[in-house]
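See below for the structure under consideration.
Nothing in this text is a laboratory measurement; each read-out follows from the coordinates by a stated rule. Given the structure is predicted, the values throughout are model-derived calculations rather than measurements. Backbone-built Cβ (ideal geometry, glycine too); neighbour counts: all protein chains shown.
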């Protein structure tokens, strides 16, 4: 455990050194957040509720979605790709520490730094320019926090599984960008799926993506009753177990292939 904590500490220090990336990410998230807020204000003009959600709740959804996106940033796909390109993946796997555990620790360290570098500035900007993201019912805070943690794990597992494509495709830069934007669209980060046509919403509701953004955000703004939220959280946990099982299966196959072929 000390080894992983050291990796987290090192990654925090490394993240603090790239100030330009910090300012660039804040600017990009701010533009997306404000643009989305203007869109929803125009949509709700003259209307009380749309999709059982009022305008104030939707603006809270927008600000919180931008904040949550900071916590869902992953670099594991590029780390896997770089290890494959450099040819160090075989020797990395022979070290007395799980290489995927190192990738996870690096992402945790990066997020710890981003909480202060990106999340808090986005909270301040969103509160001043859009709306203070007040929770609908503070008693739902433990439920929201639990769902957000599981959403991070689901997002990371999808990222690491996607990154393993690098073992066969080598360069996956373009695919990473496509995956990033598709995930935000299908997860309800930009447009909640309850605004989609019923058939499309049912299909998307059966996939794991909505449990990354939409579920914790829905809990935060109080959409749906407690029974519905708990039911969706059970599905979220099922998806976590399925993706974790798939990850360990693919990890074992990839490890055997790399060790046999020598990298």
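Rg and Dmax over the alpha-carbon atoms of the chain stand at 19.5, 65 Å.
Along the Cα-to-Cβ line of residue 253, 7 Å from the Cα, sits a label point; which residues in the range 168-182 have backbone N less than 14 Å from it? Under 14 Å, as judged by backbone N against the label point of residue 253, lie 168-169 of the range 168-182. Here the extension length gained between residue 41 and residue 195 equals 53.9 nm, from 0.36 nm per residue of separation less the Cα-Cα distance. The spacing between the range 200-256 and the range 169-194, judged by their C-alpha centroids, is 16 Å.
A helix-only calculation puts the chain at -24000 deg cm²/dmol for mean residue ellipticity at 222 nm, using -39500 (n - 2.57) for each DSSP H run of at least four residues, averaged over all residues. When peptides 122-129, 1-8, 218-225 are sorted by average Cβ neighbour count within 10 Å, with the highest value leading, the order is 218-225, 122-129, 1-8.
Evaluated over the Cα positions of the range 19-164, the convex hull gives a direction-averaged projected area, one quarter of its surface, of 11.0 nm². Between the C-alpha center of the range 101-126 and that of the range 31-57 there is a gap of 27 Å.
Counted residue by residue at 0.36 nm each, then reduced by the alpha carbon distance between them, the extension gain from residue 10 to residue 149 reaches 47.8 nm.
A Gaussian network model of the chain, with springs between Cα atoms under 10 Å, assigns the largest mean-square fluctuation among 27, 207, 249 to 249.
Highest first, please rank the peptides 32-39, 70-77 by the mean number of other Cβ atoms sitting within 10 Å of their residues.
Numbers: 32-39: 16.4, 70-77: 19.6.
Top to bottom by mean Cβ count within 10 Å: 70-77, 32-39.
Comparing 135, 28, 58 in a Gaussian network model of the chain where C-alpha atoms under 10 Å apart are linked, the largest mean-square fluctuation is found at 28.
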